[in-house]
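Just below is one structure, and these are the notes that go with it.
Read the figures in this text as sums done on the coordinates, not as results from a lab. The shown structure was predicted, so the numbers you read here are calculated from the model rather than taken from an experiment. FYI the Cβ positions are ideal-geometry reconstructions off the backbone, even for glycines, and counts take in every protein chain you see.
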Amino acid sequence: MNALQIENLSLVINRRTILDDVSFSLEKGAFAAMCGRNGAGKSQLLRCIKGLVKPDSGEILIDNVVADARTRMKKVALVFQNADMQIVSQSVEKDIAFGPENMGLDDIEVRRRVEGALSLMGLEDKAKQRPQSLSGGELRKCAIAGIIAMEPDVILLDEPFANLDYPSTLTVMRALISLHEKGYTILVVSHEAEKFLAHTDTLFIMDNGKLKEQGRSSDIFRRLIDYDVYIPEKAGFEDLSWLKH
Ligand SMILES: Nc1ncnc2c1ncn2[C@@H]1O[C@H](COP(=O)(O)OP(=O)(O)OP(=O)(O)O)[C@@H](O)[C@H]1O
Ligand SMILES: [Mg+2]
């Protein structure tokens with residue numbers, strides 16, 4: 001079963017082609033990476049999938065059924081490139097509760113989801129803290145926890161490791177791995193292949209609005225070099241993880 005399927009997606013802004021006939025699918029439970037140069041179209045692609053930007057052509061299916069923008073807004077979660085900027089609540093737990101409350105869930109269910117998300121992200125002892133007082137890594141985890149609490153079908157993350165120090169990168173990475181183990185379907189857009197690629201099963205490489213390469217991460221990771229994505233020269237696939245050093 002495909003959790004997500006993109007068919008012939010194109011996007012033109014001001015007569016410039018931003019996405020050019022992009023097609024791919026993600027199996028349920030996949031942990032996929034998407035890499036590519038600055039301006040390749042990765043963020044715009046995620047925005048189209050989420051339903052924030054209307055593509056000029058193409059279709060998006062969730063669980064093998066064509067899903068309109070409204071449905072995708074509900075079923076697809078997107079952690080933005082600057083997710084930390086969007087946290088405005090009085091406390092971490094209130095911030096995480098915001099999404100489930102807006103879904104109209106009752107108090108008991110909201111509480112259950114907030115506690116589950118706090119524990120999955122290792123934020124239990126920060127629940128009452130003001131988001132403004134969190135570190136960069138903790139804020140990123142808070143943003144991801146808010147998404148998990150909505151129990152989405154597909155989780156898209158745009159540059160989840162950007163600006164994080166070594167321990168925070170590991171924390172966010174462990175959280176993504178545990179989401180993967182719980183069966184979530186995950187697509188991570190990142191330039192930092194050497195930090196996490198070893199944990200992914202699928203790799204997509206975007207360039208100039210086109211999906212240029214797709215396949216098993218372990219089979220095609222060397223092709224990243226052709227697209228200016230850094231991986232250490234002699235690294236084997238298993239080496240592409242900060243958790244293993
Ligand atoms: N509103 C807009 N108007 C015009 N061009 C836009 C607009 N939004 C995005 N673009 C262009 O679309 C292209 C793709 O942008 P996008 O943000 O998707 O790239 P990206 O692959 O995420 O890059 P990065 O790695 O730097 O985050 C860029 O050339 C960008 O300038
Ligand atoms: Mg981007």
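Points worth noting:
- The protection proxy used here, the mean number of other Cβ atoms lying within 10 Å of each residue, ranks peptides 229-237, 160-168 as follows, highest first: 160-168, 229-237.
- Computed magnitude of the charge dipole of the range 1-50 (debye, nearest 20; Cβ of K, R +1, Cβ of D, E -1): 280
- Span-rule helices in the chain, defined as complete DSSP H runs reaching 15 Å or more along the axis (Cα) with Kyte mean at least 1.6: none
- Phi-derived couplings, Karplus 6.51 cos²θ - 1.76 cosθ + 1.60 at θ = phi - 60°, listed residue by residue for the range 27-32: 5, 4, x, 5, 10, 10 Hz, with x used for Gly and Pro.
- Residues K128 and D20, FRET efficiency given R0 of 30 Å [Cβ-Cβ distance, rounded to 0.05]: 0.05
- Lys, Arg +1 and Asp, Glu -1 on Cβ, resulting dipole of the chain about Cα centre, debye, nearest 20: 360
- Database remark: amide H of F204 closer than 5 angstrom to the amide H of A33, M34, C35 (H placed geometrically; neighbours at sequence offset of 5 or more, or on other chains; Pro and chain starts carry no H).
- Dimensionless Rg over Rh [the range 1-80; C-alpha; Kirkwood]: 0.94
- Binning all Cα-Cα separations of the chain at 10 Å, short to long from zero, yields these whole-percent fractions: 8, 32, 36, 20, 4, 0.
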